[in-house]
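One structure below.
Bear in mind these aren't lab numbers, they're just calculated from the coordinates by the rules spelled out. Only a predicted model underlies this, so the values are computations on that prediction, with no experimental measurement involved. In this analysis, Cβ positions are derived from the backbone assuming ideal geometry, glycine residues included, and neighbour counts consider all displayed protein chains.
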Amino acid sequence: MKLERTTVHFTDPLGSFEHTSYRLEEALVALVVSAKSSITLLSYSLPTWSRDWFLAGALDQALARGVSVKVYSHQYSNVARLVSRYRDRFDIAGWHWNEDDGDLFHIKGIMIDDVKLYIGSANLSKNGIAHSAEWGVVTTSPDLCLELNRYTTYLISNRKLSEV
C-alpha cells in the first residue's frame, strides 16, 4: 500500500515534548476541516454529549458545507447523541458495536474524502487527546481508506455494527 505525505503527531500530557509536527489535537482538527465530501469517525470513545468536544466546531463547519459524516463507535449512546444532534438537517449516519462476551470496537481513526486518514492510539475523546500519552499518523492513502471501508462494511454485513 502506498502512503503519501505521512506525518506523525503526539499528545503531550507533560507539555514539554519537542517535536516538529502539530500536536495531535491540532492535526485532527485540521484534517476534519479539510474535508470536501466525507468524514468517517471511528473511535471506542466519543464524548458527543459535550459541545466543547475538540472536534465539535470543525464537524459543525463541515456539515454546514454539505460534507457527509459516518460515525462508528463502541457505545450506542455516543453514536445516537451525535447523530440525533444533526440528522434532521444534515447527511449523517452512525453505527454502534454489538458486543458479545466482552469484545470491543477499538478502532481509532478519521477518514477524509476516502483519501486521507488518521490512524493512531488516541480515542477521539477529551481524555484521549488532552490527558493521555498518545500518538498517530496522518497520511494520504486511498488504498488504506478502501481497506478500512471494506472492513466496516464487513462488520455491518455480519451484524457486529448496527445502524443507529
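Remarks
- Extension reserve of the S16-K2 stretch, reckoned as 0.36 nm per residue once the Cα distance is removed: 1.7 nm
- Longest to shortest principal axis, alpha-carbon extents of segment 4-163, angstrom: 43, 39, 34
- Extension gain for D91 to E163 (0.36 nm times residue separation, less C-alpha to C-alpha distance): 24.5 nm.
- Highest average first, the peptides 19-29, 105-115 ordered by how many other beta carbon atoms sit within 10 Å of their residues are 105-115, 19-29.
- Full-extension gain in nm, D101 to T153, via 0.36 nm per residue minus C-alpha separation: 16.5 nm
- Rg/Rh ratio calculated on Cα atoms of segment 65-153 (Kirkwood radius): 0.97
- Mean residue ellipticity (222 nm) of the chain, computed from DSSP H runs ≥ 4 via -39,500 (n - 2.57), nearest 500: -8500 deg cm²/dmol
- Checking the Cα-Cα distances for K2/K160; K2/K126; K70/K116; K2/K36 against a 24 Å cut-off, the pairs over it are K2/K160; K2/K126.
- Between R65 and D143, the simple label model (points 7 Å from Cα in the Cβ direction) yields a spacing of 2.8 nm.
- Spin-label model distance (nm) - E26 vs D114, 7 Å beyond Cα toward Cβ: 3.3 nm
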